[in-house]
Amino acid sequence: MTGASRGIGRAVALELAAAGAAVVVGYHRQREQAEAVAAAIRAAGGAAEPLQVDVRDPAACEAAVSGTVDRFGRIDILVNNAGTALEKLLVDTTPAEWNDLVAVHLTGMYACTRAALPHMLSRRYGRIITISSIWGITGAAGEVAYSAVKAGQNGFTRALAQEVGPFGVTVNAVAPGAIDTEMNSFLQGEELREWLSRVPVGRLGTPEEVAALVRFLAGPQAGFITGQVISPNGGVVV
Ligand code: NAP
């Protein structure tokens with residue numbers, strides 16, 4: 001999985017390992033944190049390897065998948081989680097910032113999925129889960145570029161599910177509301193109070209709550225769920 005060094009990705013890696021999966025702990029810059037996640041999984045009796053992969057580079061995604069298959073023999077589950085945020089008005093969003101968001105969220109998802117799919121199709125089994133966002137469903141002022149790439153992930157999910165459903169591969173997106181991670185550290189004071197006033201359960205979600213849903217979707221029991229965008233968001237009306 002990608003982006004497993006911290007935040008939601010870290011929680012997903014730990015949860016999938018607890019469910020018995022051998023986990024490739026993908027990271028971009030935080031090698032020590034990724035090594036710590038892998039060490040925690042191994043200490044609990046699981047199997048895990050940290051692996052540096054900048055998802056903006058399709059060749060790196062391909063190498064990561066082939067390295068995973070070499071190391072573990074197969075790939076059952078791909079979690080596209082790597083992500084970066086951008087809180088900016090569209091008029092202030094530069095072409096470089098736009099292209100970077102597209103590269104991380106869309107090109108990365110495309111490249112990792114394209115690399116993993118042949119290994120799943122040949123075995124007629126696979127689980128592809130992308131961590132999208134509630135903003136990809138509703139849109140958000142001040143995050144137009146981020147909303148656009150997250151909506152793109154949702155469209156990719158719905159379309160690919162139809163393409164590979166006949167081959168035993170399910171494709172779903174998990175589209176969380178605001179979760180308590182570094183990505184949301186900007187949410188403070190009045191801005192945080194304003195957001196929470198719109199959340200019926202009155203709090204941020206936890207990475208572990210997102211991970212529990214990913215665990216379910218990643219399991220063999222979720223074979224009839226595909227092409228879905230499921231939003232754990234504390235009851236926000238979408
Ligand atoms: P986070 O704590 O900021 O962690 C981001 C993760 O993505 C890190 O593991 C980071 O790796 C990795 N990453 C960033 N750029 C990368 C790149 N170019 N190549 C590979 N990995 C890269 O974020 P988070 O809150 O856990 O978010 C995880 C996902 O959930 C994202 O897709 C985000 O859009 C989505 N999401 C988050 C929220 C939320 O409220 N937090 C809500 C909805 C959706 P390094 O640590 O190595 O830099």
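The values are calculated or read from the model by the stated rules, or taken from the named source; none is laboratory data. All values derive from a computational prediction rather than experimental measurement. FYI the Cβ positions are ideal-geometry reconstructions off the backbone, even for glycines, and counts take in every protein chain you see. Please note that ligands, DNA and RNA were not included when accessible areas were found on the heavy atoms of the full protein model with its side chains. Shrake-Rupley method; radii C 1.70, N 1.55, O 1.52, S 1.80 Å.
Would you please classify the overall shape of region 19-85 from the alpha carbon gyration tensor, given that a ≥ b ≥ c denote the square roots of the eigenvalues, rounded means a/c under 1.5, and beyond that prolate means a/b larger than b/c while oblate covers the rest?
Oblate.
Over region 190-238, calculate the relative contact order: mean separation of alpha carbon pairs under 8 Å at least 6 apart, over the residue count, as a percent.
Reported relative contact order: 54 percent.
Just to verify a number: FRET efficiency for residue 29 and residue 238, C-beta to C-beta distance, R0 = 35 Å, to 0.05? Working shown, then result.
Details: r = 32 Å, r/R0 = 0.92.
Working from the Cβ atoms, E equals 0.60.
Given the protein chains as shown and a 1.4 Å probe, how many square angstrom of residue 1 are accessible, to the nearest 10?
30 Å²
Let me have the relative contact order for region 150-238, percent, based on Cα pairs under 8 Å that are six or more residues apart.
Once divided by the residue count of region 150-238, the mean separation gives 45 percent.
Can you give the local net charge around residue 228? Use residues other than it whose beta-carbon is closer than 13 angstrom to its beta-carbon, Lys and Arg +1, Asp and Glu -1.
Net of charged neighbours comes to +2.
So, with +1 on the Cβ of K and R and -1 on the Cβ of D and E, and no other charges, what is the size of the charge dipole of region 17-150 about its Cα centre, to the nearest 20 debye?
Roughly 580 debye for region 17-150.
In region 7-230, carbon and sulfur make up what percent of the accessible area (probe 1.4 Å)?
Carbon and sulfur atoms account for 54 percent of the accessible area of region 7-230.
In what sequence, highest mean first, do 76-84, 56-64 appear when ranked by Cβ atoms within 10 angstrom?
76-84, 56-64
Can you tell me how region 1-123 classifies by the Cα gyration tensor, rounded, prolate or oblate, using a/c under 1.5 as the rounded cut?
Oblate, because a/c is 1.5 or more while a/b does not exceed b/c.
For every helix of n ≥ 4 consecutive DSSP H residues, a contribution of -39,500 (n - 2.57) applies; sum these over the chain, divide by its total residues, and give [θ] at 222 nm rounded to the nearest 500 deg cm²/dmol.
Taken over the chain, the calculation gives -14000 deg cm²/dmol.
Put a dot 7 Å past each Cα toward the Cβ at residue 212 and residue 196; how far apart are the dots in nm?
Reported label-point gap for residue 196 and residue 212 is 2.0 nm.
Compute the relative contact order of the chain as a whole-number percentage, counting only Cα pairs closer than 8 Å that sit 6 or more residues apart in sequence.
Values: 451 pairs, mean separation 47.3, N = 238.
Over the chain, the number comes to 20 percent.
Taking the dipole about the Cα centre of region 7-230, with the C-beta of Lys and Arg at +1 and of Asp and Glu at -1, give me whichever of 19, 135, 204 is farthest to the positive side.
Value computed over the given set: 19.
Between exposed chymotrypsin sites (Phe, Trp or Tyr not before Pro) in the chain, where DSSP calls loop and at most 12 other Cβ atoms lie within 10 Å, what's the longest gap? Walk me through the numbers on the way to the answer.
On the way: sites that count: 186, 224.
Longest run free of exposed loop sites: 1-185.
Counting other Cβ atoms within 10 Å, which trypsin sites (Lys or Arg not before Pro) in region 93-178 have at most 13 and lie in a DSSP loop?
Qualifying residues, ordered by number: 124.
Where does the Debye-calculated log10 I(q)/I(0) of region 7-230 sit at q = 0.08, 0.10 Å⁻¹, using only Cα point scatterers of equal weight, no solvent?
Taking Cα atoms of region 7-230 as identical point scatterers yields -0.28, -0.44.
Would you mind counting up the charge near residue 80? Only other residues with Cβ under 12 Å from its Cβ, with Lys and Arg at +1 and Asp and Glu at -1.
+3
Around residue 132, which amide H atoms from residues at least 5 apart in sequence, or from another chain, sit under 5 Å from its own amide H, with H modelled in the peptide plane?
Amide H to amide H, under 5 Å and 5 or more residues apart or across chains, residue 132 pairs with 174, 175.
Taking the Cβ of residue 213 as the center, what net charge do the other residues with Cβ under 14 Å away carry, scoring Lys and Arg +1 and Asp and Glu -1? Before the final figure, lay out the partial values.
Numbers: positive: 127, 215; negative: 15, 208, 209.
Computed value for this residue: -1.
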